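Everything below concerns the one structure shown next.
The values are calculated or read from the model by the stated rules, or taken from the named source; none is laboratory data. This is a predicted model, so every value here is computed, not measured. In this analysis, Cβ positions are derived from the backbone assuming ideal geometry, glycine residues included, and neighbour counts consider all displayed protein chains. In case anyone asks, the SASA skips ligands and DNA or RNA and just uses the protein heavy atoms, side chains included. Shrake-Rupley method; radii C 1.70, N 1.55, O 1.52, S 1.80 Å.
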Amino acid sequence: MKPIHIIGAGLAGSEAAWQIARRGVPAVVHEMRPVRATAVHKTAGFAELVCSNSFRSDDAQTSAIGLLHAEMRRLSSLVMGAADDHKLPAGGALAVDREGFSAAITTALEREPLIEIRREEISEPAPDWDSVIIATGPLTSKPLAETIRRLSGETALAFFDAIAPIVHRDSIDLDVAWFQSRYDKAGPGGSGANYINCPLTSEQYHGFIDALLAGEKIAFHEFETDTPYFDGCLPIEVMAERGRETLRHGPMKPFGLTDAHRPDVKPYAVVQLRQDNKLGTLFNMVGFQTKLKHAEQVRIFRTIPGLAHAEFARLGGLHRNTFLNSPKLLDETLRLKSDPRLRFAGQITGCEGYVESAAIGLLVGRFAATERLGERPSLPPPTTAHGALLGHITGGHIETIDSGARSFQPMNVNFGLFPPLRRRTARGAHKQALSARALAELDAWIGGTMPHAAE
Ligand SMILES: Cc1cc2nc3c(=O)[nH]c(=O)nc-3n(C[C@H](O)[C@H](O)[C@H](O)COP(=O)(O)OP(=O)(O)OC[C@H]3O[C@@H](n4cnc5c(N)ncnc54)[C@H](O)[C@@H]3O)c2cc1C
């Protein structure tokens with residue numbers, strides 16, 4: 001049997017290789033470290049954690065990331081097994097001893113007879129490799145990034161991720177905020193009321209500007225300083241530094257909007273939130289990309305009227321990343337539509353985080369191995385954390401309502417990505433019900449009683 005080639009042995013590539021071998025299919029893993037370094041990796045080990053050593057909450061009942069852990073354990077994940085074997089005391093979080101974790105994964109792959117490891121940088125998959133998984137992460141080496149850009153027909157792959165915070169819709173106070181598009185314009189695919197608007201008085205606006213200017217910010221990494229900077233995605237605090245009224249004439253402009261609760265009072269400034277997923281459960285704060293520290297964002301953004309109790313699915317950021325416009329370029333099993341022998345896995349597909357990257361590696365490994373065995377890959381149900389994440393990558397975003405930037409941005413797993421429950425739940429029991437449904441449907445999928453075949 002011809003092997004499946006995996007480029008990159010990070011979180012995603014290592015998990016993909018393991019899943020392939022578990023199905024009796026041979027794999028060749030190409031990892032460029034230590035021959036060629038990245039700007040942040042420090043070792044030659046596989047699945048190196050480049051920053052924090054936390055896999056975040058391990059609570060499968062009330063957190064989507066904890067649920068993803070639970071699902072991965074049921075799917076015999078190498079990454080979760082190594083994390084459990086090397087966990088450190090960290091309260092409700094799953095933190096790991098990074099050296100022990102990485103060494104366990106490296107050894108497991110080295111000892112697996114069906115896996116061959118080659119320490120080399122790949123700048124282009126060889127023409128005779130008929131099944132390839134590209135899992136080279138946010139720091140994909142330049143020659144390969146250039147090849148991917150050419151093969152995908154995209155104009156750019158490495159750029160600043162201008163991430164605006166995303167808020168769970170049910171945490172926005174609609175007794176204060178209201179639905180309306182500017183000048184009631186419907187635009188392509190819109191209804192004329194696609195934004196949630198939060199009004200500020202002059203006093204509230206100036207208080208907000210003061211808080212932005214004083215708030216603690218995160219510094220850029222050294223490797224990020226050579227990335228082109230687009231004027232269209234300036235952080236809000238940088239705009240505020242350019243002049244106290246700049247934001248009021250930019251993302252916070254009040255024009256074309258009438259406060260539905262107080263039509264006679266003209267707001268001095270307005271924060272707009274735009275629908276972010278097809279389900280309508282998540283809304284992003286338009287133009288609010290920021291380098292403020294996460295705790296500062298929560299504190300400052302909750303001073304905005306209507307957002308006092310906002311729950312954030314994602315906080316804002318601005319960092320260099322390499323990721324594909326996956327909803328456009330990849331099919332439902334993450335093959336490149338223009339060259340289906342290539343699959344993508346990990347952060348390069350537009351998920352965010354160690355665990356999410358490994359989970360997508362797990363799925364892609366299964367898809368590629370199933371295909372190699374002559375069968376049709378089966379997709380995880382969309383109600384599971386794996387399915388919700390895959391759905392986000394392949395099409396959960398919405399087409400832009402107006403002429404703004406493309407709406408697809410990398411994201412951590414969160415309950416806003418899950419299809420809503422059919423029945424109402426008791427207050428406080430919502431997340432548990434989503435988790436219980438996910439695990440039940442995952443078990444049915446694993447047991448083969450819920451096949452959900454790819455097209
Ligand atoms: C500075 C920084 C800090 C981060 N901090 C966190 C954090 O605290 N928590 C969190 O959850 N996530 C964090 N992330 C995100 C994190 O990188 C990803 O979540 C995760 O590591 C991505 O997994 P991956 O497998 O897609 O890529 P990686 O784990 O980066 O693995 C990619 C692998 O591909 C190799 N490679 C690259 N190009 C080639 C090539 N041409 N040929 C062969 N091999 C190649 C690399 O050497 C690497 O081993 C951070 C990212 C960065 C850049």
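Quick notes on this one:
- Rounded to 10°, Cα long-axis angle of helix 64-74 versus longest principal axis of the chain: 10
- Loop-located chymotrypsin sites (Phe, Trp or Tyr not before Pro) in region 238-308, at most 13 other Cβ atoms within 10 Å (DSSP): PHE255
- Amide hydrogen neighbours beyond the local backbone of LEU88, cut-off 5 Å, H modeled: ALA95, VAL96, ASP97
- Kirkwood-type radius of region 295-445, with distances r between different C-alpha atoms, in Å: 17.2
- Cα-based Kirkwood hydrodynamic radius, region 280-329, one decimal, Å: 12.8
- Per residue accessible area in Å² of the chain, where ligands, DNA and RNA are left out and the probe is 1.4 Å: 42
- Expressed as a fraction of 2.2 N^0.38 Å, the value expected for a compact globular protein of N residues, the C-alpha radius of gyration of region 235-300 is 1.27.
- Amide H to amide H, with H built 1.01 Å from N, LEU282 comes under 5 Å of ARG169, ASP276, ASN277, counting only residues 5 or more places away or on other chains.
- Spherically averaged projected area of the convex hull of Cα atoms, region 304-346: 5.1 nm².
- In sequence order, calculated HN-Hα J values of region 39-55 (Karplus, 6.51, -1.76, 1.60; Hz; x Gly/Pro): 6, 10, 5, 10, 10, 9, x, 6, 6, 6, 8, 7, 9, 5, 9, 9, 9
- Reciprocal mean inverse distance between Cα atoms of region 8-155 - Kirkwood radius, Å: 16.4
- Simple spin-label estimate for GLU245 and LYS142 in nanometres, 7 Å along Cα-Cβ: 4.4
- Euclidean distance of C-alpha centroids, region 230-280 and region 73-114, integer Å: 44
- Amide H contacts under 5 Å for ARG314, placed H, 5+ residues apart: ILE166
- Surface accessible to a 1.4 Å probe, SER326 within the full protein complex, Å²: 0
- Rel. contact order, % - alpha carbon contacts under 8 angstrom, at least six apart, the chain: 21
- A 1.4 Å probe, protein heavy atoms only, puts the accessible area of THR449 near 110 Å².
- What the phi angles of region 280-297 give under the Karplus curve with 6.51, -1.76 and 1.60, with θ = phi - 60°, is a coupling list of x, 8, 10, 10, 9, 7, 5, x, 9, 5, 7, 9, 5, 5, 4, 4, 5, 4 Hz, glycine and proline written as x.
- About the centre of its Cα atoms, the chain shows a dipole size close to 620 debye [charges on the beta carbon of Lys, Arg (+1) and Asp, Glu (-1) only; nearest 20 debye].
- For the Cα trace of the chain, dividing Rg by the Kirkwood Rh returns an Rg/Rh value of 0.98.
- Summed side-chain charge close to VAL50 - residues other than VAL50 whose Cβ falls under 11 Å, Lys, Arg +1, Asp, Glu -1: +1
- Estimated vicinal HN-Hα couplings, Hz - region 323-329 in sequence order (Karplus 6.51, -1.76, 1.60; Gly, Pro = x): 8, 8, 7, 4, x, 8, 9
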